[in-house]
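Structure first, then comments.
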Amino acid sequence: MSLVKKNHASSGNADHRHLPRDRAGLLRQLQDASPDIRRWAALDLAAFPDTAEALCARLEQETGLPVREALLTTLIKIGGNAVVKGLMPLLRSEDATLRNEVIEALQQLPEAVSPYMETMLRDPDPDYRIFSINVLANLRHPQAPAWLQAVIERDADINVCASAVDVLAEVGGPETVPVLTGLPGRFDNDPFMQFCVQATIRRIQGHDA
Amino acid sequence: MKRVLVIDDATTVRLYYRQILEAQGFAVEEAGNGYEGLEKALAGQFDLYVVDVNMPKMDGYTLVRTIRQEPAICAGPVIMISTETQPQDANAAYLAGANLYLHKPVRPDTLMLYVRLLTGERGS
């Protein structure tokens with residue numbers, strides 16, 4: 001019996017690249033039943049930045065992990081306002097894995113995300129505000145500490161403020177300490193908030209982890 | 001001494017649970033995401049897992065589902081604690097295999113009540 005080792009990646013590539021690679025063809029293949037065809041279509045659509053909306057729509061329903069990875073790779077490559085506008089609503093998804101993927105994608109688009117951050121942090125849904133704060137954790141944007149301080153000063157939800165405090169411990173400096181000290185009082189000196197603020201001030205001042 | 005694995009991406013939240021649990025005589029280990037949590041769960045013997053829902057790399061639901069499929073650790077009790085308060089969030093936690101779903105922030109006495117209940121530890 002002879003054993004033939006299949007090279008799935010290269011054969012898939014060769015097969016699927018015989019299909020039309022124009023914009024319309026790739027958008028059609030994005031809905032194909034074969035995950036391999038969808039994956040290659042998602043990757044090749046990077047050449048067509050105006051397909052961001054269709055890519056985001058596909059991401060919302062896509063269940064194949066390699067296809068999702070390809071969609072996110074292409075969306076990050078395309079970048080810009082259309083991608084951010086397409087990804088933002090996905091933070092409301094019931095799918096926690098998708099939400100995390102979207103958070104990680106948005107973190108890689110700091111300049112495109114920044115015009116929307118103020119709106120995201122004022123969303124009526126506290127969970128959405130927390131996910132937006134999670135985006136800030138690794139956004140590497142110079143305005144991140146100021147956005148977080150504003151949340152700490154105005155937000156009425158204890159979990160939103162606690163999330164902002166936790167991220168501020170990573171991205172803030174000693175100048176943020178005065179904003180933190182008044183926070184427990186806004187929440188009836190809740191023990192969790194008291195602990196968060198004390199621990200964060202110690203972290204910012206470099207006393208412990 | 002009973003051992004608890006705390007899995008949450010927020011450092012202050014992990015420190016908060018650690019402080020509460022250690023003050024009551026529990027040994028605590030921490031993980032900052034689901035993957036790290038799974039690695040530590042598989043490497044050590046824990047009497048309880050305290051798991052956040054929204055974490056990078058692997059979310060809490062996926063972690064708990066994976067724990068329930070691993071013969072060596074599947075019997076460990078799990079408390080999921082999240083900011084999400086909708087009934088479907090609790091349902092998702094129980095479907096994943098959690099023993100209990102609590103909302104953040106959790107008061108120390110509430111946490112200890114359920115930790116003792118699930119670990120069979122009377123406490124110090």
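The values are calculated or read from the model by the stated rules, or taken from the named source; none is laboratory data. A quick note: this is a predicted structure, and the numbers were derived from the prediction, not measured. Here the Cβ is made from the backbone with ideal geometry for all residues, glycine too, and neighbour counts use every protein chain on show. SASA here: full protein model, heavy atoms, side chains in, ligands and nucleic acids out. Shrake-Rupley method; radii C 1.70, N 1.55, O 1.52, S 1.80 Å.
Observations on the structure shown:
- Accessible surface buried upon B-A contact (total; probe 1.4 Å; Å², nearest 100): 1900 Å²
- Inter-part distance where the range B:72-110 and the range A:74-142 are each reduced to a Cα centre, Å: 26 Å
- Selected from A:V135, A:V177, A:V84 as most flexible by GNM, with chain A as the system and alpha-carbon contacts under 10 Å: A:V177
- The protein assembly as shown, helix-only ellipticity at 222 nm - DSSP H runs n ≥ 4, -39,500 (n - 2.57), divided by all residues, nearest 500: -17500 deg cm²/dmol
- For chain B: rounded, prolate or oblate by the Cα gyration tensor [a/c cutoff 1.5]: rounded
- The residue among A:Q198, A:A24, B:T83 whose Cα reaches farthest toward the positive pole of the charge dipole of the protein assembly as shown, with charges on the beta-carbon of Lys, Arg, Asp and Glu, is A:A24.
- The mean sequence separation of alpha-carbon pairs under 8 Å and at least six residues apart, normalised by the residue count of the range A:114-209, gives a relative contact order of 24 percent.
- Rounded accessible area of A:E60 (nearest 10 Å², 1.4 Å probe): 120 Å²
- Percentage relative contact order, chain B, counting C-alpha pairs under 8 Å, at least six apart: 24 percent
- With all protein chains modelled, accessible area of A:I76 [1.4 Å, Å²]: 50 Å²
- Largest to smallest principal axis extent of the C-alpha atoms in chain A, angstrom: 70, 43, 28
- Most mobile of A:R39, A:R28, A:R58 in a GNM of chain A (Cα contacts under 10 Å): A:R28
- Excluding same-chain neighbours fewer than eight residues apart, the aspartates and glutamates reachable from A:K77 by a Cα-Cα span under 16 Å are A:D44, A:D50, A:E53, A:E69, A:E101, A:E104, A:E111.
- With 0.36 nm allotted per residue and the present C-alpha distance subtracted, the B:Q24-B:T85 stretch has 19.2 nm of extension available.
- Oblate is the label for the range A:114-209. Its Cα gyration tensor axes, ordered a ≥ b ≥ c, give a/c of at least 1.5 and b/c at or above a/b.
- Average partner coverage of B:45-56, which counts Cβ from other chains inside 10 Å: 2
- About its Cα centre, the dipole of the range A:63-134 is roughly 160 debye, where the only charges are +1 on Lys and Arg Cβ and -1 on Asp and Glu Cβ.
- Axis of helix A:191-204 versus longest Cα principal axis of chain A: the two differ by about 80°, to the nearest ten degrees.
- In the full protein context, chain A carries 48 Å² of accessible surface per residue, based on a 1.4 Å probe and ignoring ligands, DNA and RNA.
- Long-range HN-HN contacts of B:I81 with modeled amide H, under 5 Å: B:V51, B:D52, B:V53, B:L102
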